[in-house]
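The values are calculated or read from the model by the stated rules, or taken from the named source; none is laboratory data. This structure is a prediction, so every number in the text was calculated from the model and none was measured. Please note: Cβ atoms are built from the backbone with ideal geometry, for glycine as well, and neighbour counts cover all protein chains shown.
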Amino acid sequence: MDLATRVGHALQASERMLCTAESCTGGGVAQAVTEIAGSSAWFDCGFVTYSNVSKIEMLNVSNALIAQMGVVSEEVAGAMAEGALANSNADVALSTTGIAGPTGAVPGKPVGTVCFAWSSAERTHTERLVFQGDRAAVREQTVIHALQGLLRFIE
């Protein structure tokens, strides 16, 4: 809650609105920020794009990009965040795509692999991390890192 509150204060101070594009977190980031009373002043909307089709149709992620890089990639995370910005009234977006487990690992991408992106009109920053733990732990760590990364991105 403290982290989401800090995000809200930072967004309000910079007069920006946030949107999210989430896959592996299933809307967990949007839930965390909307737990804060008054978040409608700085949170525009969230896209939960769990399937590849939803990423393509709702966020304009290229099917060719998914085929080339894999859905769990920094490139797809960046496209998701940029697509969320293009399809919302927000000024800044964050995205998550990953393998929360316990299945889904592929060569080079073990369970716990998560790609993040933070985007504004000026730039997009991406990261790839590998978290430890069960599905719930990976998802929780992902939400926390997404919000911490957002604070760094906007401050």
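Some values worked out for this structure:
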quantity: Residues being in a loop (DSSP other than H, G, I, E, B) and either in contact (Cβ under 8 Å) with a residue 12 or more places away in the chain or of a type in the set (V, I, T) (or both) - total across region 78-115; calculated: 13
quantity: Conditions (1) without any contact (Cβ under 8 Å) to a residue 12 or more places away in the chain; (2) more than 18 Å from V29 (Cα to Cα): number failed by S51; calculated: (2)
quantity: Unmet requirement for Q132, which otherwise passes all of (1) under 15 Å from the mean Cα position of the chain (by Cα); (2) polar (S, T, N, Q); (3) closer than 23 Å to Q31 by Cα; calculated: (1)
quantity: Top-ranked residue of region 69-103 - restricted to ones that are in contact with a Leu (Cβ under 9 Å, 6 or more places away or on another chain) and surrounded by fewer than 17 Cβ atoms within 10 Å (Cβ to Cβ), ranked as farthest from D44 (Cα to Cα); calculated: A86
quantity: Residue list for region 1-37, filter: farther than 20 Å from T142 by Cα and among the acidic types (D, E); calculated: E15
quantity: Qualifying residue in region 116-124 (condition: part of a helix (DSSP H, G or I) and either of a type outside the set (D, E) or within 11 Å of S95 (Cα to Cα) (or both)); calculated: no
quantity: Residue ID - surrounded by the fewest Cβ atoms within 10 Å (Cβ to Cβ), chosen from residues in region 53-68 that are not in a helix (DSSP H, G or I) and not small (G, A, S); calculated: N60
quantity: Single residue of region 123-155 satisfying the filter (basic (K, R) and surrounded by 14 or more Cβ atoms within 10 Å (Cβ to Cβ)) that is farthest from G104 (Cα to Cα); calculated: R128
quantity: Any hit, region 28-48, residues being assigned to a loop (DSSP other than H, G, I, E, B) and under 12 Å from the mean Cα position of the chain (by Cα); calculated: no
quantity: Failed item in (1) surrounded by 14 or more Cβ atoms within 10 Å (Cβ to Cβ); (2) of a type in the set (V, I, T); (3) out of contact with any Pro (no Cβ under 9 Å at 6 or more places or on another chain), with V106 passing the rest; calculated: (1)
quantity: Sole residue being of a type outside the set (A, V, I, L, M, F, W, C), assigned to a loop (DSSP other than H, G, I, E, B), at pLDDT 95 or above and out of contact with any strand residue (DSSP E or B) (no Cβ under 7 Å at 6 or more places or on another chain), chosen from E15, E75; calculated: E15
